[in-house]
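The values are calculated or read from the model by the stated rules, or taken from the named source; none is laboratory data. No experiment lies behind these values; they were computed from the predicted model shown. Here the Cβ is made from the backbone with ideal geometry for all residues, glycine too, and neighbour counts use every protein chain on show. What goes into the accessible areas is simple: the full protein's heavy atoms, side chains included, and nothing from ligands, DNA or RNA. Shrake-Rupley method; radii C 1.70, N 1.55, O 1.52, S 1.80 Å.
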Amino acid sequence: MPNCDFFAYGDDHRVILEHIFRTMPCRIFELASEVDTELAEFHSLADIEHRYQINDWSHDQHQTLHLQLYAEGADGYVNFRRVDLNPKKCDGATYRYSCNGWGLIQLYLESPRNSILRNSHTNHNSETRAHNWATTYPDMGDPASWNWAVVNSFSRKLNRFIRNSGVEKRGSRVILPHTALLLASQRLTLLG
């Protein structure tokens, strides 16, 4: 499961997303919708800014962005699943949606909590893992329907871009420029 853990925040998130929209053909979905809301697909950076109410990437965003990337040409089945909720236990909410698929690439862009930033993350299933778990999750379809060469290539390109954008390192994790500035000014602490 090729992954990339990195420290990024604010303008760093914007740069990664701009790169994806500009140079990496894919569809971008939320991992899970807000309660009582349809799942969002994002066609532009403006769509993400609207959904998450981001007016200025240099100011605090309070939400982590959990995204699923569906690389063009990856082929496989994407499961948009409605999850029914118990309104008595969920402040009146009755449903939400999730987006799953064996070859989807996760992009989790973390935001700080109390000035502490956890690492952001990319990852996706390997073909072997998908086949090993296919009978456990039959609603995700046949892993063989995915073009794993496309999934792996897309993931490598994204991870390479992120690693090449780093200006510092903390262990094996790169630190992107905006985050490095916040660290230098002691306005942010890294977790991990």
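Residue by residue through segment 4-26, note down the ones that are under 12 Å from Ala180 (Cα atoms) and in a loop (DSSP other than H, G, I, E, B).
Ala8, Tyr9, Gly10
Looking at (1) in contact with a strand residue (DSSP E or B) (Cβ under 7 Å, 6 or more places away or on another chain); (2) more than 16 Å from Phe6 (Cβ to Cβ), which is the only condition Leu117 fails?
(2)
What are the residue pairs meeting all of these: first residue in segment 46-57, first residue within 16 Å of Glu18 (Cβ to Cβ) and free of Cβ contacts under 8 Å to residues at least 12 places away in the same chain, second residue in a helix (DSSP H, G or I) and open to solvent by 50 Å² or more (accessible area, probe 1.4 Å), Cβ atoms under 8 Å, and 6 or more apart or on different chains?
No pair meets every condition.
Determine whether Arg51 is more than 20 Å from Phe154 (Cβ to Cβ) and either open to solvent by 60 Å² or more (accessible area, probe 1.4 Å) or of a type in the set (A, V, I, L, M) (or both).
Here the answer is yes, as Arg51 does meet what is asked.
For segment 24-52, name all the residues that are at pLDDT 95 or above and among the polar types (S, T, N, Q).
Ser44
Got at least one residue in segment 144-160 being under 30 Å from Thr37 (Cβ atoms), crowded, with 16+ Cβ neighbours inside 10 Å, touching a strand residue (DSSP E or B) at 6+ places or on another chain (Cβ under 9 Å) and among the hydroxyl-bearing types (Ser, Thr, Tyr)?
Yes: one or more hits.
Taking the stated definitions as given, is Ala93 out of contact with any Phe, Trp or Tyr (no Cβ under 8 Å at 6 or more places or on another chain), open to solvent by less than 10 Å² (accessible area, probe 1.4 Å) and not in a strand (DSSP E or B)?
Yes, satisfied.
Please give the number of the condition Thr128 fails out of (1) over 21 Å from Leu107 (Cβ atoms); (2) modelled with pLDDT under 95.
That leaves (2) as the condition not met.
What pairs come up if the first residue lies in segment 1-16 and is in contact (Cβ under 8 Å) with a residue 12 or more places away in the chain, the second is of a type in the set (Lys, Arg), and their beta carbons are under 7 Å apart, counting only those six or more places apart or on different chains?
Filtered contacts from segment 1-16: Met1/Arg129; Pro2/Arg156; Cys4/Arg163; Asp5/Arg173; Phe6/Arg173; Phe7/Arg170; Phe7/Arg173.
Please verify whether Asn114 is at pLDDT below 95 and under 26 Å from Ser172 (Cβ atoms), treating the condition exactly as stated.
Criteria met by Asn114.
Contact list please: Cβ distance under 8 Å, first residue in segment 155-167 and among the β-branched types (Val, Ile, Thr), second residue open to solvent by less than 30 Å² (accessible area, probe 1.4 Å) and assigned to a helix (DSSP H, G or I), pairs at least six apart or on different chains.
Going by the 8 Å Cβ cut-off, the qualifying pairs are Ile162/Ile16; Val167/Ala180.
Of all residues in segment 111-137, count the ones that are open to solvent by 10 Å² or more (accessible area, probe 1.4 Å) and closer than 16 Å to His13 by Cβ.
Total meeting the criteria: 5.
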